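Below is one structure, written out as structure tokens, with a few remarks after it.
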Amino acid sequence: MNAVDLHRKLERNSGLLIFGILLVSAIGGLVQVLPSVLQDDLVTPGPGTQPYGPVELIGRDLYIREGCSTCHSQQVRPLLAEVKRYGPYSKAGESAYDRPFLWGSKRTGPDLHRIGGKYTDLWQRMHLLDPRSVVPDSIMPGYPWLAERAADADGSIQARMRALRRLGHPYTEAEIEAAPAALAGLAEVDALVAYLQSLRPPNAEATP
Amino acid sequence: MAELPSTFWSGWISVLTVGSLIGVFWLIYSIYFAAGGEEEEPSPVWDGNLREGEHPAPLWWFWLIFGSLVISVIYLMLYPGLGAFRGALNWSQGGEISQRLERYQTEFGPLRRLVAEAQLDTLREDAKLMASAQRIYDRNCAVCHGYEAQGQANLFPNLADAAWQWGGEPAQVEHSIRHGRQAVMVGWEAALGEQAIDQLTDYTLALGNGTAAGHPAEGQYMQFCAACHGADGSGNPQLGAPNLTDDASLYGQSAAAIRQSIAQGRNGEMPAFGERLDDTQIRLLVAWLTRPTTPE
């Protein structure tokens, strides 16, 4: 067959044309996306990667709510300069319990995937509430309201954990039962700090 | 390298990719090199003489597609892309970074070792090394301790003055950086009551002024505070108990700040940087932080 003939046939038959367009535009996804979704080491937790505890989970949701990933990435790329600056590069299995993942695509501020433990809780707290109280030339906005609200104001932590369990996060019933107690008395900023402090390279030896 | 789920998917990728390339090749071949088939019915005519297919497809379009095709084929032969085939170069992202780290180690490793083992005085004499040290400081220490090492917010210690809570000897400073520090001063309000706290606050102020001798709270100070801060108030760097007689005061010099320290306690924390910084960086930081200060 000849391409010009095919073209004539296609442009005179709209059903065929629609099918052809769908087919051609699907090829990229069929080659690139579909096998990756089914690739085991991209969807199973890497060694040492644990599901978030209740406090970190709330903190992560706050990280999403406040749009932190707009300015901070969470992926140390496998480049010499990044590994030297931030630490071990990020691996796919580390994001197995991230729904959705927060890799980000822009760094107005630094990458945060290895930030845990670099600064103290106190510093993180001061910096979140009023960045310029500790970094005079910082351009990060302050989030003072995080100190005013309770971390789990609507008492939804158990529902959140159950939803994630349905998606395959291995929370036990006892963990879910204990979750509200872990959050009792914490402000939003405490949960967010706990989440930030949990962003470290997974400790492979700690896996049971 | 990440493994693909099964040979089926490897084949799936290869077949779709190669199939697409062949499709594109067939497209440009039949447009540019094969004669078009005869039309069963003549195409409509517009504006007197304008028909479809009157002009050949543009040549830049041919070269664009042909060029992409050639580049794709070469790329897929050299680099991973066709399913499980790793390409003639056997390149992988993980291999690339470990190679670069190795090259970095070969190129700079001996030099860095030299710095890590050098005398502090020698390091201090090298202006470039000291500039590096300052950059390491700016990246890792400055957001707490301040860009001038002046301390911040009455919470993060001044590193530029002569007072060192955990000791200012190079070995002590290195320990602080490598392993971090956790200060533990308990709050005394519950145990001693407000009146005693007030008296001890006054005593601490007197220690700073050098007028503590014979102070009414001396007995209480000796009983509760002297174990860590010393009978003369000169502190104990082993425990991170600060000197109470000098001018430096991390949490503030005012009676209110001192009172709060005594009543509520203080739990200053320095994170450990032994995992984050290597021996060379720590050595440079120690040399820079403990450099003799120029009198102002």
Practice prompt. May I ask you to say which residue of A:TYR171, A:TYR97 is more than 14 Å from every other protein chain (Cβ to nearest Cβ), in a loop (DSSP other than H, G, I, E, B), touching a residue at least 24 places away in the same chain (Cβ under 8 Å) and in contact with a Lys or Arg (Cβ under 7 Å, 6 or more places away or on another chain)?
Written response: A:TYR171
Item to complete: Could you list all residues from the stretch B:153-176 that are touching a Ser or Thr at 6+ places or on another chain (Cβ under 8 Å) and without any contact (Cβ under 8 Å) to a residue 60 or more places away in the chain?
Response: B:ALA153
Worksheet, complete the sentence: Within the stretch B:231-244, the residues that are of a type in the set (Gly, Ala, Ser), surrounded by fewer than 16 Cβ atoms within 10 Å (Cβ to Cβ) and over 23 Å from B:GLY180 (Cα atoms) are B:ALA231
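Going by what's in this entry, would A:LEU62 be described as touching a Gly at 6+ places or on another chain (Cβ under 9 Å), surrounded by 16 or more Cβ atoms within 10 Å (Cβ to Cβ) and either outside any loop (DSSP other than H, G, I, E, B) or at the interface with chain B (Cβ under 8 Å from one of its Cβ atoms) (or both)?
Answer is no for this residue.
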Worksheet, complete the sentence: When (1) over 28 Å from A:ARG149 (Cβ atoms); (2) of a type outside the set (Lys, Arg); (3) assigned to a loop (DSSP other than H, G, I, E, B) are applied to A:GLY109, the one that fails is (1)
Worksheet item: B:SER249 is checked against (1) at pLDDT below 85; (2) surrounded by 17 or more Cβ atoms within 10 Å (Cβ to Cβ); (3) more than 27 Å from B:VAL143 (Cα to Cα) and fails just one. What number does that condition carry?
Response: (3)
Worksheet item: Got a sec? Which of B:ILE258, B:ILE282 is over 30 Å from the mean Cα position of the chain (by Cα) and either within 14 Å of chain A (Cβ to nearest Cβ) or touching a residue at least 24 places away in the same chain (Cβ under 8 Å) (or both)?
Response: B:ILE258
Discussion item. Considering only residues that are acidic (Asp, Glu) and not in a helix (DSSP H, G or I), which ones fall in the stretch A:1-36?
Written reply: none
Item to complete: Scan B:LEU120, B:LEU159 and give me the residue that is touching a Cys at 6+ places or on another chain (Cβ under 8 Å), closer than 16 Å to B:ARG291 by Cβ and not aromatic (Phe, Trp, Tyr).
Response: B:LEU159
Item to complete: Could you tell me which residue of the stretch A:37-58 is nearest to B:VAL15 (Cα to Cα), considering only residues that are in a helix (DSSP H, G or I) and more than 9 Å from every other protein chain (Cβ to nearest Cβ)?
Response: A:VAL37
Worksheet, complete the sentence: Condition set of a type in the set (S, T, N, Q) and at pLDDT below 80, scope the stretch B:254-296, selection farthest from B:LEU200 (Cα to Cα): answer is B:THR294
Worksheet, complete the sentence: Quick count over the stretch B:164-194, residues being among the acidic types (Asp, Glu) and under 30 Å from B:ALA118 (Cβ atoms), is 2
Worksheet item: Any residue at all in the stretch B:183-197 that is on the phi > 0 side of the Ramachandran plot and either crowded, with 19+ Cβ neighbours inside 10 Å or small (Gly, Ala, Ser) (or both)?
Response: yes
Worksheet, complete the sentence: The number of residues in the stretch A:100-128 that are among the hydrophobic types (A, V, I, L, M, F, W, C) and either surrounded by fewer than 17 Cβ atoms within 10 Å (Cβ to Cβ) or away from chain B (no Cβ under 14 Å) (or both) is 3
Item to complete: Report, by residue number, each residue of the stretch B:1-46 that is loosely packed, with under 13 Cβ neighbours inside 10 Å, at pLDDT 90 or above and either more than 21 Å from B:TRP63 (Cβ to Cβ) or at the interface with another protein chain (Cβ under 7 Å from one of its Cβ atoms) (or both).
Response: B:GLY19
Worksheet item: For A:ASP121, all conditions in the list (1) free of Cβ contacts under 8 Å to residues at least 24 places away in the same chain; (2) under 24 Å from B:CYS144 (Cα atoms) hold save one; what is the number of the exception?
Response: (1)
Worksheet entry | Positions within the stretch A:121-152 being over 22 Å from the mean Cα position of the chain (by Cα) and assigned to a loop (DSSP other than H, G, I, E, B), in sequence order | A:ASP130, A:VAL134, A:VAL135, A:PRO136, A:ASP137, A:SER138, A:ILE139, A:GLU148, A:ARG149
Worksheet item: Using beta carbons and a limit of 8 Å, which pairs, at least six apart or on different chains, have the first residue in the stretch A:132-152 and within 14 Å of another protein chain (Cβ to nearest Cβ) and the second one of a type in the set (Lys, Arg) and loosely packed, with under 15 Cβ neighbours inside 10 Å?
Response: A:SER138/A:ARG132
Practice prompt. Output the number of residues of the stretch B:141-196 satisfying the condition of being in a loop (DSSP other than H, G, I, E, B) and of a type in the set (Gly, Ala, Ser).
Written response: 13
Worksheet entry | Lone qualifier among B:ALA256, B:ALA263 - being exposed (fewer than 15 other Cβ atoms within 10 Å of the Cβ) and not in a loop (DSSP other than H, G, I, E, B) | B:ALA256
Discussion item. Of all residues being away from chain A (no Cβ under 14 Å) and of a type in the set (Lys, Arg) in the stretch B:113-163, which is farthest from the chain's Cα centre (by Cα)? Just the residue, please.
Written reply: B:ARG124
Item to complete: Among the residues of the stretch B:75-112, write down those that are more than 14 Å from chain A (Cβ to nearest Cβ), in contact (Cβ under 8 Å) with a residue 12 or more places away in the chain and not in a helix (DSSP H, G or I).
Response: B:TYR79, B:ARG86
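The values are calculated or read from the model by the stated rules, or taken from the named source; none is laboratory data. For clarity, every value in this text was computed on a predicted model and none was experimentally measured. Here Cβ is always computed from backbone atoms with ideal geometry, including for glycine, and neighbour counts include all displayed protein chains.
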